[in-house]
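Written out below as structure tokens is the structure these notes cover.
The values are calculated or read from the model by the stated rules, or taken from the named source; none is laboratory data. Please read these numbers as outputs of a predicted model, since none were measured by experiment. Note: ideal-geometry Cβ built from the backbone for every residue, glycine included; neighbour counts use all protein chains shown. What goes into the accessible areas is simple: the full protein's heavy atoms, side chains included, and nothing from ligands, DNA or RNA. Shrake-Rupley method; radii C 1.70, N 1.55, O 1.52, S 1.80 Å.
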Amino acid sequence: MTDYEAETAFLGEWGRFQQQVFFFLCLSIIPNGFTALAIVFLADTPPHRCLIPAHLNLTDAWRNSSIPLEEENHSGALVPSKCFRYKLDDMLSFSERGLLPGVDVNLTNVPKEGCLDGWEYDRSVYISTITTEWDLVCDDRWKNPLTSSVFFCGVLTGSFISGQLSDRYGRKIVMFVTIAVQTVFTFIQVFSSSWVVFCIVFFVVGLGQISNYMSAFVLEILGPRVRTIFSTAGVSLFFAVGYMLLPVLAFFIRDWRMLLLGLTLPGFLCLPLWWFIPESPRWLLSRGRVEEAEAIVRDAAKKNKIEPPSVIFNPSQKENQSEKTTAHNICDLLRSPNIRWISVTLWLVWNTVTIGYFALSLNTANLHGNAYFNCFLSALVEIPAYTLSWVLFRWCSRRLSLFSTLFMGGLFLLFIRLIPANLIYFAITLEMIGKFAVTTTFAIVYAYTAELYPTVLRNTALGACSMASRIGSIIAPYFIYLRSYSISLPYILMGSLTALAGLLSLLLPESYGMPLPDTITHMQQFPGCCQKTSYAPTHTEEEENACERKSPVVP
């Protein structure tokens with residue numbers, strides 16, 4: 001394969017072409033900030049209690065005392081039960097006889113029953129959520145985190161399928177197909193008739209998450225000096241913009257169906273970008289489609305007002321244009337020991353980072369204070385986090401940057417366990433610092449992973465890492481669910497896993513200052529230790545490339 005960066009150096013680092021492509025790519029990722037975390041408001045659980053039918057002939061005293069008091073797990077204070085009421089037949093009997101609760105009748109002796117007539121929800125914050133519509137509380141409260149998990153199961157499946165399709169059929173077509181899938185099915189979701197239908201459609205919406213392709217796309221189009229800025233802070237900042245707009249939109253639209261409808265529009269508006277975003281020339285070259293790649297580069301030169309050379313790519317590459325190359329797949333990530341251990345280590349790191357990121361993001365509705373402000377604050381924290389990720393990625397070691405942010409994030413989450421219950425705002429501050437560190441790691445690990453893998457496997461590798469990480473995002477809602485048993489247990493688990501993943505990341509090879517690998521033989525060695533050597537073509541590599549050109553395409 002040709003040296004793409006050397007042969008396209010005449011385009012410059014940051015001309016009109018690069019600016020246009022990057023800006024449009026980033027616009028397409030804003031809807032992901034809505035969709036990925038919309039469940040915070042779509043499935044929030046407002047205060048509730050058992051419904052007492054209005055037609056019952058109960059005195060005001062018995063109606064006001066119909067809900068037993070129980071001890072709250074977090075504070076130990078007595079609060080009205082959310083899942084039980086005093087037995088209606090007994091209350092009716094006491095009410096008809098003129099007995100007063102707590103005076104003539106000892107309430108501790110009155111039998112209890114479940115919410116047989118449904119629940120009464122506090123409507124001061126939400127008009128409706130999927131929790132209030134389908135009563136996902138009490139015995140069915142396990143369905144609430146399952147809703148989020150179903151979405152991330154869709155993301156996992158989409159990552160598995162789309163990553164390989166993107167490396168085989170192109171970055172552009174797969175990206176826009178997933179945008180279309182996400183937009184159409186989000187709209188269908190508005191008309192879901194049951195919780196099961198909602199989950200099925202939510203699974204398909206998860207297939208449309210495309211953030212894992214942005215890093216590869218941007219890395220392949222931008223120059224080496226500029227790509228570190230935009231593969232970390234740039235793309236991620238646009239995701240954060242969508243995340244920040246989510247609580248603003250949710251504040252004004254309190255009905256979950258109307259909110260979901262409002263979140264569908266940005267994805268629909270991104271579809272016309274098809275005519276403004278080209279295919280990745282680097283990918284086209286890796287598939288032997290030299291004329292198409294050259295046409296895009298010449299168009300880029302025209303937009304940058306630069307006169308291209310008469311011959312852009314190596315003539316020998318053109319001779320091989322019609323020859324078929326080997327189609328790589330996800331199995332290549334495990335084929336040799338070196339790439340296998342890099343892949344396994346990255347899968348573990350991605351999985352842990354995703355647990356921390358999504359668990360902390362989904363937990364904003366449970367924090368003390370206004371849910372909209374807490375969600376906005378959680379999104380706002382990501383802006384400096386992504387800025388720091390650029391600083392670290394621009395001037396610091398990739399491996400040490402990943403280790404330091406992971407390890408410090410784990411420590412801050414563990415410190416929350418030591419905070420007294422009355423220092424609520426200090427605990428929230430520590431949680432936001434932990435979210436800051438984990439978010440910084442998230443931006444770094446995306447770009448770092450794209451640098452470690454070669455062009456022929458880059459999107460497959462990113463898709464596989466994203467797929468592996470979705471195991472973490474699938475179980476992340478259940479980390480928050482553990483709050484019902486112990487408020488500190490989620491932080492202990494997340495903090496421990498995050499700190500350990502930081503230590504594990506030290507085994508990865510260094511990619512700072514290294515050219516992007518084009519073939520598997522260009523990859524760095526595992527474990528990385530302190531060695532950093534630039535690859536150079538060898539006879540072995542030339543033989544491998546020759547074999548690739550002669551091998552038939554795998555169907």
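The set of residues in the range 344-365 that are farther than 30 Å from Pro47 by Cα and either among the aromatic types (Phe, Trp, Tyr) or touching a Cys at 6+ places or on another chain (Cβ under 6 Å) (or both) comprises Leu346, Trp347, Trp350. Once the range 271-307 is narrowed to residues that are open to solvent by 10 Å² or more (accessible area, probe 1.4 Å) and of a type in the set (A, V, I, L, M, F, W, C), the residue that is farthest from Pro517 (Cα to Cα) is Leu271.
Need at least 1 residues that are at pLDDT below 90 and among the charged types (D, E, K, R) per element, so show me which strands (runs of 3 or more DSSP E) inside the range 54-94 make the cut, counting only ones lying wholly within it. Ranges flagged: 69-71.
Looking at the range 243-261, which of the residues that are open to solvent by 30 Å² or more (accessible area, probe 1.4 Å) and not aliphatic (A, V, I, L, M) is modelled with the lowest pLDDT? So, considering only residues that are open to solvent by 30 Å² or more (accessible area, probe 1.4 Å) and not aliphatic (A, V, I, L, M), the one modelled with the lowest pLDDT is Arg257.
Selection of first residues in the range 243-267 that are more than 21 Å from Thr178 (Cα to Cα) and part of a helix (DSSP H, G or I) and of second residues that are of a type outside the set (S, T, N, Q) and open to solvent by 40 Å² or more (accessible area, probe 1.4 Å), restricted to Cβ pairs under 7 Å at least 6 apart or on distinct chains, gives the following pairs, ordered by first then second residue: Met244/Phe376; Met244/Leu380; Pro247/Phe376; Leu259/Leu249; Leu259/Ile253. Within the range 138-173, the set of residues being free of Cβ contacts under 8 Å to residues at least 60 places away in the same chain and either aromatic (Phe, Trp, Tyr) or in contact with a Ser or Thr (Cβ under 6 Å, 6 or more places away or on another chain) (or both) comprises Tyr169 only.
Taking the numbered list (1) surrounded by fewer than 17 Cβ atoms within 10 Å (Cβ to Cβ); (2) touching a Ser or Thr at 6+ places or on another chain (Cβ under 7 Å); (3) among the hydrophobic types (A, V, I, L, M, F, W, C) in turn, Leu42 passes all entries but (1). Go through (1) in contact with a helix residue (DSSP H, G or I) (Cβ under 9 Å, 6 or more places away or on another chain); (2) surrounded by fewer than 15 Cβ atoms within 10 Å (Cβ to Cβ); (3) over 27 Å from Phe176 (Cα atoms); (4) charged (D, E, K, R) for Arg16 and report which single condition fails. The single condition Arg16 does not satisfy is (3). Out of the residues in the range 487-518 that are small (Gly, Ala, Ser) and open to solvent by less than 40 Å² (accessible area, probe 1.4 Å), which is farthest from Gly434 (Cα to Cα)? Residue satisfying both the conditions and the ranking: Ser511.
Scan the range 365-376 and tell me whether some residue there is at positive phi and open to solvent by 40 Å² or more (accessible area, probe 1.4 Å). Scanning the range 365-376 turns up at least one residue that is at positive phi and open to solvent by 40 Å² or more (accessible area, probe 1.4 Å).
Rundown of residues vs (1) under 14 Å from Gly502 (Cα atoms); (2) at pLDDT below 85; (3) of a type outside the set (Phe, Trp, Tyr); (4) part of a helix (DSSP H, G or I), yes/no style:
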position	(1), (2), (3), (4)
Asp332	no, yes, yes, yes
Thr345	yes, no, yes, yes
Thr352	yes, no, yes, yes
Phe358	no, no, no, yes
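Out of all the residues in the range 3-13, is one or more touching a strand residue (DSSP E or B) at 6+ places or on another chain (Cβ under 9 Å), of a type outside the set (Gly, Ala, Ser), assigned to a loop (DSSP other than H, G, I, E, B) and touching a residue at least 12 places away in the same chain (Cβ under 8 Å)? No, that holds for no residue. The set of residues from the range 390-433 being hydrophobic (A, V, I, L, M, F, W, C), open to solvent by less than 30 Å² (accessible area, probe 1.4 Å) and closer than 18 Å to Gly369 by Cα comprises Ile416, Ala427, Ile428, Leu430, Met432.
Of all residues in the range 107-130, those satisfying the criterion of being touching a Phe, Trp or Tyr at 6+ places or on another chain (Cβ under 8 Å) and not in a loop (DSSP other than H, G, I, E, B) are Leu107, Lys112, Glu113, Gly114, Ser128, Ile130. Scanning the range 331-364 for residues that are over 18 Å from the mean Cα position of the chain (by Cα), surrounded by 19 or more Cβ atoms within 10 Å (Cβ to Cβ) and of a type in the set (Ser, Thr, Tyr) yields Ser343, Thr345. Filtering the range 458-480 for residues that are open to solvent by 20 Å² or more (accessible area, probe 1.4 Å) and more than 17 Å from the chain's Cα centre (by Cα) leaves an empty set. Selection of the range 482-499 for residues being assigned to a helix (DSSP H, G or I) and of a type in the set (Phe, Trp, Tyr) yields only Tyr491. Take the residues in the range 75-109 that are within 26 Å of Leu482 (Cβ to Cβ) and in contact with a helix residue (DSSP H, G or I) (Cβ under 8 Å, 6 or more places away or on another chain), then tell me which one is least open to solvent (accessible area, probe 1.4 Å). Per the stated criteria, the residue is Cys83. Being surrounded by 18 or more Cβ atoms within 10 Å (Cβ to Cβ) and under 30 Å from Trp119 (Cβ atoms) is not true of Val196. Looking at the range 155-232, the helices (runs of 4 or more DSSP H) lying wholly inside it that each contain 2 or more residues that are within 23 Å of Leu333 (Cα to Cα), at pLDDT below 80 and not acidic (Asp, Glu) sit at 171-189, 211-221.
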